[in-house]
Amino acid sequence: MQPEQDALKLGIKTMMISELMLTLKPDEISENAPIFSPDGLGLDSVDALQLVVALEKHYGLKLPDAEAASQVLHSIDSIAAAISASRHAAQTGPALAPPD
Amino acid sequence: MVILVTGANGDIGQAIARRFLHNDAASRLWLSVRSRRERAEALNAEFPGRCRILSLSAAEAAEWESAIAGILQTDERIDVLVNNAGLHRDHLTANMPGEDWAAVLSANLDSVFLGCRAVIRPMMAQHFGRIVNIASLSALLPPKGQSNYAAAKAGVIAFTRSLAKEVARSGITVNAVAPGYIETEALKGFSAPEKQGLVQQIPMRRFGRPDEVAAAVEFLACPSAAYITGSVLKIDGGIL
């Protein structure tokens, strides 16, 4: 599981660098540090929107509103967790049976 | 390129669509019309297989969402949006019915917001987009009797500049053109002496042609105009 998660996180970092035109290398991006904090990567709300669009395009991860986006886009770890959860949900179907 | 031109039944919309069809053989044109569609259909017949006609009330959010979804389903991308649809209902402000204020703001300004909002995400995903909003010289040099139209078009210019900053990093440019007196249906409402009076205000001593507006739109929409964004190109024979 761990190598799979590491590959996913590396993929997210590489995608972010490409999509947001960052002049960084993947190993310069911390996996648990807040992405949008002032002492983080220096990204802004425009980058956040581009990231939301890119996550849907590359990983099929839909973030329907600003609240969901702000939770998921906290760090590389939280993005990877959301992608894993959405893949798991897609494989197993809805957790609850629909009401009659 | 996949191009959507709104207000495609009007003189300027026709000229814009025609110019893209003539000069870019690979372009696919989506022509949006509100009610009258005969001229858009004639263009479609003239360039078979290159055009699609879309019924769209440009001030209705839901119609925009389904129109763009339809374009993406068919062509898988949207490269250029030309927000050309609009109308004017001129009155002195003291006499202006509230519904004519609202209708003009909605048709000219809400429509631009809704169209841009609908294409931003797909354009961001493809890292390319060209948005050209048709403003008016009335926004820069507002005449009496057009406070609604001038306010709406000034809003279009401010909106264009703000949005340009929001999407600049995503390969999307957003620009406006501001046509002055152009030989269109709207100008036919003036009498010959009134027209003569208008021409006297134009340093070039003639009205503009729809194709001269289309040339500016085509330029701003081309891939090589990549570093021009948030600009307003006036097309007025030198009035301003």
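Bear in mind these aren't lab numbers, they're just calculated from the coordinates by the rules spelled out. For clarity, every value in this text was computed on a predicted model and none was experimentally measured. Cβ atoms come from the backbone with ideal geometry, glycine included; neighbour counts cover every protein chain shown.
The table for this structure:
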{"item": "Added length on full extension, which subtracts the Cα-Cα distance from 0.36 nm per residue, B:LYS195 to B:LEU141", "result": "17.7 nm"}
{"item": "Residue among B:CYS222, B:CYS51, B:CYS116 with the largest mean-square fluctuation in a Gaussian network model of chain B, springs linking Cα atoms under 10 Å", "result": "B:CYS222"}
{"item": "Among B:LYS165, B:LYS188, B:LYS144: highest mean-square fluctuation, GNM of chain B, C-alpha pairs under 10 Å", "result": "B:LYS188"}
{"item": "Residue-averaged beta-carbon neighbours from other chains (10 angstrom radius) around A:44-54", "result": "4"}
{"item": "31 Å Cα-Cα threshold exceeded, pairs from A:LYS57/B:LYS234; A:LYS62/B:LYS153; B:LYS144/B:LYS234; A:LYS62/B:LYS234; B:LYS165/B:LYS188", "result": "A:LYS57/B:LYS234; A:LYS62/B:LYS153; A:LYS62/B:LYS234; B:LYS165/B:LYS188"}
{"item": "Separation of alpha-carbon centers, segment B:85-122 and segment A:18-91, rounded to whole Å", "result": "37"}
{"item": "Estimated inter-spin distance, B:ASN23 and B:SER35, nm [label 7 Å along Cα→Cβ]", "result": "3.3"}
{"item": "Mean residue ellipticity (222 nm) of chain B, computed from DSSP H runs ≥ 4 via -39,500 (n - 2.57), nearest 500", "result": "-14000 deg cm²/dmol"}
{"item": "Fluctuation leader among B:THR93, B:THR229, B:THR173 - chain B, Gaussian network, Cα springs under 10 angstrom", "result": "B:THR93"}
{"item": "Filtered trypsin sites (Lys or Arg not before Pro), segment A:44-91: DSSP coil and at most 13 other beta carbons within 10 Å", "result": "A:LYS62"}
{"item": "For chain B, convex hull of alpha carbons as volume per residue, Å³", "result": "121"}
{"item": "Whole-number D in µm²/s for the protein assembly as shown (Stokes-Einstein; Kirkwood sum over Cα pairs; 37 °C, 0.692 mPa s)", "result": "148"}
{"item": "J(HN,Hα) series, segment A:20-37, from Karplus relation 6.51 cos²θ - 1.76 cosθ + 1.60, nearest Hz, glycine and proline x", "result": "9, 6, 8, 9, 9, 9, x, 6, 8, 9, 6, 7, 10, 7, x, 5, 9, 6"}
